[in-house]
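Asker: Before I ask anything, here is the structure I am working with.
The values are calculated or read from the model by the stated rules, or taken from the named source; none is laboratory data. What you are looking at is a predicted structure, and each value in this text was computed from that prediction instead of being measured. Here the Cβ positions follow ideal geometry from the backbone for every residue, glycine too, while neighbour counts run over all protein chains shown.
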Amino acid sequence: MKKLLLSLTILLTLSCCKTDDDDNATLPEATQTGAGIFACKVNGQSFIDTSGSYFNCYYQYISGEYYFGISGSDTVESLISVTIGTYNKEIFENETFLLIENISGNAWAGSSFNPNSSSQEFSTTNSQYSGELTITKLDFTNNIVSGTFWFDVENPYTGETVEIREGRFDTLFTQ
């Protein structure tokens, strides 16, 4: 009995010890139910929008052109938001799009940086910093869109490459 109690005590103590990656929350599972998820890793640290389904997501057909956009907010170092969108580009379920420049006919991504309270800069993907977006569900009946993404972007304050990885979203969109 003493050995069992000692083993349980050691196990509990070890499970409470903080490791280097314990300072990050685990990313939510990738779902396709409209669960209100927007999360990714920013340079290995968890970035999770905890506002539920309140982050902005739309897929609209305006004047003969398709526009998709989704943005999540959290703070990892100086990065405060992650945005993905299309400009005059239709999206399809089970299709992967290259995230490049924010120009007509493209999909793109970007991030806002705010190293202090007095300034904010937005940096986007381009020919040097790119990534991918995969739409895993596009349901027009229930207005659900789900997907995965990754991309690189330049921190406009330091010039360093910021790696956005393991991205996922699952939410309702407006038309």
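Asker: Find the residue count for region 92-102, including only residues that are part of a strand (DSSP E or B) and aromatic (Phe, Trp, Tyr).
Answerer: The first filter runs over region 92-102 and keeps only residues part of a strand (DSSP E or B), leaving 95-99.
Now drop any that are not aromatic (Phe, Trp, Tyr), which leaves 97.
Total satisfying the criteria: 1.
Asker: Within region 86-145, which residues are under 17 Å from Val42 (Cα atoms), of a type outside the set (A, V, I, L, M) and touching a residue at least 40 places away in the same chain (Cβ under 8 Å)?
Answerer: Gly110, Ser111, Phe113, Pro115
Asker: Step by step: first the residues of region 165-175, then only those that are in contact with a Ser or Thr (Cβ under 7 Å, 6 or more places away or on another chain) and surrounded by 18 or more Cβ atoms within 10 Å (Cβ to Cβ), then the one that is farthest from Tyr61 (Cα to Cα). Which residue is that? Walk me through it before giving the result.
Answerer: Here is the first cut: in region 165-175, the ones in contact with a Ser or Thr (Cβ under 7 Å, 6 or more places away or on another chain) are 167-172.
Filter once more, so that each one left must be surrounded by 18 or more Cβ atoms within 10 Å (Cβ to Cβ): 167-171.
On the way: Gly167: 25, Arg168: 24, Phe169: 21, Asp170: 20, Thr171: 18 Å.
Per the stated criteria, the residue is Gly167.
Asker: Another question about this same structure. Mind counting the residues in region 103-136 that are small (Gly, Ala, Ser), assigned to a strand (DSSP E or B) and surrounded by 15 or more Cβ atoms within 10 Å (Cβ to Cβ)?
Answerer: Residues of region 103-136 that are small (Gly, Ala, Ser), as a first pass: 104-105, 107, 109-112, 117-119, 123, 127, 130-131.
Applying the additional criterion that residues be assigned to a strand (DSSP E or B) yields 107, 109-112, 119, 123, 131.
Checking the rest, the ones that are also surrounded by 15 or more Cβ atoms within 10 Å (Cβ to Cβ) come to 107, 109-112, 123, 131.
Matching residues across region 103-136 total 7.
Asker: Right, another one. Could you tell me whether any residue of region 47-55 is in a loop (DSSP other than H, G, I, E, B), at pLDDT below 95 and farther than 26 Å from Leu172 by Cβ? Spell out how you get there, then give the answer.
Answerer: Of all residues in region 47-55, those in a loop (DSSP other than H, G, I, E, B) come to 49-51, 55.
Now drop any that are not at pLDDT below 95, which leaves 49-51, 55.
From what is left, the residues that are farther than 26 Å from Leu172 by Cβ are none.
No, that holds for no residue.
Asker: Out of all the residues in region 70-100, which are modelled with pLDDT of 95 or more and either out of contact with any strand residue (DSSP E or B) (no Cβ under 7 Å at 6 or more places or on another chain) or surrounded by fewer than 16 Cβ atoms within 10 Å (Cβ to Cβ) (or both)?
Answerer: Asn88, Glu90, Phe92, Glu93, Asn94, Glu95, Thr96, Leu98
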